[in-house]
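Asks: I'd like to ask you about the structure that follows.
The values are calculated or read from the model by the stated rules, or taken from the named source; none is laboratory data. Since this is a predicted model, take the numbers as computed values, not measurements. Cβ placement follows ideal geometry from the backbone for every residue including glycine, while neighbour counts extend to all protein chains displayed. When the accessible area is computed, the model is the full protein with side chains, heavy atoms only, and any ligands, DNA or RNA have been set aside. Shrake-Rupley method; radii C 1.70, N 1.55, O 1.52, S 1.80 Å.
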Amino acid sequence: MCGRTSCHLPKDVLARACAYRDRQGRQRLPEWRDPDKYCPSYNKNPQSSSPVLLSRLHFEKGADSSERIIAPMRWGLVPSWFKESDPSKLKFNTFNCRSDTIMEKHSFKVPLGKGRRCVVLADGFYEWQRCVVTSQRQPYFIYFPQAKTEKSGNGAVDSPEHWEKVWDNWRLLTMAGIFDCWESPEGDLLYSYTIITVDSCKSLNDIHPRMPAILDGEEEVSKWLDFGEVSTREALKLIHPTENIAFHPVSCVVNNTRNNTPECLAPLNLLVKKELKASGSSQKMMQWLTTKSPKKEEPKTPPKAESDVPRWSSQVLQKSPLPTKRGGAGLLERWLKPEKEEPVAKRPHNE
């Protein structure tokens with residue numbers, strides 16, 4: 001499943017991160033629709049508003065279906081046929097949609113049949129792994145592996161030749177979704193979406209058995225969005241697990257949805273120093289571990305043997321240097337670290 005995400009970028013930077021090529025091969029930026037409804041956050045939960053990509057054809061009759069719009073939508077699909085006056089009265093959860101039952105549930109089958117496919121944008125998503133010993137849950141931040149790119153210098157950032165150089169900090173996670181439009185009794189329109197989920201890939205299975213259906217690369221994103229050229233049957237072939245993923249443990253500060261700081265996704269080291277006093281219980285150590293702040297200094301003693309590692313459901317996850325090996329966690333730490341001079345990509349731009 002996917003029940004918590006992060007998407008903190010300012011709207012102008014978010015648009016540059018979504019640069020694409022239209023059917024004629026021209027490089028474009030998606031245009032914002034209702035940008036004032038977008039609220040950046042490190043800790044987004046269902047019923048909050050998140051940015052999604054969708055085809056311009058959904059809003060403009062006769063538009064090129066390869067052109068894109070970026071719009072904030074409510075997380076948790078409200079079907080167009082819903083009869084109540086308040087969407088919060090919907091009696092079933094629609095923030096996720098299982099890929100294996102997508103054509104059986106009326107709430108999802110109808111908008112999918114109308115081509116209402118979207119791509120949900122995020123820095124990454126959070127998932128919780130349950131400890132087999134204490135039943136406590138350790139949160140993880142899950143995202144695309146990141147590649148360091150050459151920093152761009154000062155200069156114009158509004159011309160196409162500069163877009164790729166300006167966006168050099170983070171590759172956004174692109175998740176397949178379905179959206180719908182519900183009209184209130186007063187005539188107000190509410191756009192909402194659900195994230196499609198699949199069985200987890202091998203590397204994430206020890207954290208959770210389900211994961212979002214991730215569209216890996218521009219070609220997959222383009223096919224999913226272009227409902228004018230790509231049929232539902234062909235688009236559903238893109239819905240499957242991907243192993244192209246990186247993750248690291250984070251502080252339990254993310255457990256509270258009111259917490260909205262970079263600490264929510266900062267890497268946390270789970271390898272802790274073994275207690276010296278025999279009277280200290282392992283349960284107490286686990287409680288300390290799950291609330292450890294990433295700002296604390298790492299122990300100066302050499303790494304401990306396997307017997308010193310807390311017994312979570314997967315020893316491999318806690319010992320594995322995957323984030324460092326893939327370059328994701330190291331880049332994220334540099335990304336979160338304040339700089340003396342703000343990079344061009346993060347400077348606010350006039351609307």
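Asks: In the neighborhood of Ser231, defined by Cβ-to-Cβ distances under 12 Å, what is the net charge if each Lys or Arg adds +1 and each Asp or Glu adds -1?
Replies: Taking every Cβ under 12 Å from that of Ser231, the sum is +1.
Asks: While we're on this one: Work through the residues other than Val110 whose Cβ is under 11 Å from its Cβ and net out their charges, Lys, Arg +1 and Asp, Glu -1.
Replies: Counting the neighbours of Val110, the net charge comes to +3.
Asks: Further question: With just the Cα atoms defining each centre, how far is region 235-258 from region 51-112? Give it in Å.
Replies: Cα centroid of region 235-258 versus Cα centroid of region 51-112: 21 Å apart.
Asks: Starting from region 49-120, pick out the GluC sites (Glu not before Pro) whose DSSP state is loop and whose Cβ has at most 10 other Cβ atoms within 10 Å.
Replies: Those satisfying the criteria are Glu104.
Asks: May I ask for the net charge around His240, where only other residues with Cβ less than 15 Å from the Cβ of His240 are counted and Lys, Arg are +1 while Asp, Glu are -1?
Replies: Every neighbour counted, the sum reads -1.
Asks: With r defined as the distance between the Cβ atoms of Arg258 and Leu189 and R0 fixed at 30 Å, what FRET efficiency is calculated, to the nearest 0.05?
Replies: 0.55
Asks: Could you give the spread of the C-alpha atoms of region 1-88 along their three principal axes, from largest to smallest, in whole angstroms?
Replies: 42, 32, 27
Asks: Percent of accessible area on region 166-217 owned by carbon and sulfur, 1.4 Å probe?
Replies: 47
Asks: Shifting gears a bit: Can you compute 3J(HN,Hα) from phi for each residue in region 252-261, using the Karplus curve 6.51 cos²θ - 1.76 cosθ + 1.60 with θ = phi - 60°, rounded to whole Hz and x for Gly and Pro?
Replies: Using θ = phi - 60°, the values come out as 6, 4, 6, 4, 8, 5, 6, 7, 9, 9 Hz.
Asks: Then there's this: Label Ser80 and His106 with points 7 Å out from Cα along Cα→Cβ: what is the distance between them in nm?
Replies: 1.5
Asks: Please give, to one decimal in nm, the separation of the simple spin-label points placed at Phe92 and Asp216, each 7 Å out from Cα toward the Cβ.
Replies: 3.2
Asks: Determine the gain in length on full extension of the stretch Cys181-Gln136; use 0.36 nm per residue of separation and subtract their C-alpha separation, reporting nm with one decimal.
Replies: Taking 0.36 nm per residue and subtracting the Cα distance, the gain is 12.3 nm.
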